[in-house]
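Participant: Sharing a structure here in structure tokens format.
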Amino acid sequence: MEDSKARKSKMPQIGEAVFSIIYLVFGFISGVIMLASSSGRYVIYLYGLMTLILAGGDSFHLVPRIINALKDKFAKYDFWAGLGLFVSSITMTVFYLVLYQVWYVMNPNTGISSAVVYLLYSFAFLRILLCFAPNNKWTSGGNLRWGIIRNVPFIVVGIIMVILFAMVGNFAMVAAIIISFACYIPVVLWAKKNPKIGMLMMPKTMAYMWIIIMGLMLI
């Protein structure tokens, strides 16, 4: 009876693990397909590179979570999950910089101010720099205050990208970016107090899968 209850209580974690596996496999395969199909088309190459950065970075924190879901000793992998969040926080920022390059290659004649580009790279660099601060306590439970601090410049990066894609009428990309941030911010703010809010990471991930699909459609 106790074993049955234990298995039932783990079902959400197992479901999350299956979803994460599907996402990672989809991401890596899609990235390889786009790189192999680029054939000198720089935008496809960038999309493939961007996808592999996304999936590769996310694997650092998703793989420990997958292992946690399939094992009984959850605390054993807390260090690796925290370290993985650190890595994925950086790669996610790089992901948006490559996405900007995708935007630029696809829309070379928009004539945006160099100040916008400067702001984008400055806030992205600031976000990466803040991720290295020991105050984040990545491997020892995290720090809510620093979680907010390091994500403020990241949100600015997201806002700039939304504006850029809205300028060229790519509202599918605008929607995907907005959904990803709308699901991500509550997790940063409240997931520690209410773990169920962490389920918002699933629609966030689906938004990124949507972005990947947009790249596959260009092949």
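The values are calculated or read from the model by the stated rules, or taken from the named source; none is laboratory data. Just so it is clear, the model here is predicted, and its values are computed rather than measured. When we count neighbours, we look across all protein chains shown, and the Cβ atoms used for this are built from the backbone with ideal geometry, even at glycine. Surface areas here come from the heavy atoms of the whole protein model, side chains and all, with no ligands, DNA or RNA. Shrake-Rupley method; radii C 1.70, N 1.55, O 1.52, S 1.80 Å.
Participant: Across segment 26-40, what is the number of residues that are open to solvent by 20 Å² or more (accessible area, probe 1.4 Å) and closer than 21 Å to M199 by Cβ?
Facilitator: So the answer is 1.
Participant: Just need a number here: residues in segment 39-78 that are small (G, A, S) and modelled with pLDDT of 95 or more.
Facilitator: 5
Participant: Identify all residues within segment 98-111 that are of a type in the set (A, V, I, L, M) and open to solvent by 30 Å² or more (accessible area, probe 1.4 Å); write none if there are none.
Facilitator: Hits for segment 98-111 are V105, M106.
Participant: So F171 fits all but one of (1) in contact with a Phe, Trp or Tyr (Cβ under 8 Å, 6 or more places away or on another chain); (2) in contact (Cβ under 8 Å) with a residue 24 or more places away in the chain; (3) over 20 Å from V152 (Cα atoms); what number is the exception?
Facilitator: Exception for F171: condition (2).
Participant: Among the numbered conditions (1) within 30 Å of V63 (Cβ to Cβ); (2) modelled with pLDDT of 95 or more; (3) open to solvent by less than 50 Å² (accessible area, probe 1.4 Å), tell me where A81 comes up short.
Facilitator: Just one mismatch for A81, condition (2).
Participant: What do you reckon, is P108 within 23 Å of G215 (Cα to Cα) and not hydroxyl-bearing (S, T, Y)? Can you show your working first?
Facilitator: Values: within 23 Å of G215 (Cα to Cα): yes; not hydroxyl-bearing (S, T, Y): yes.
The answer is yes for P108.
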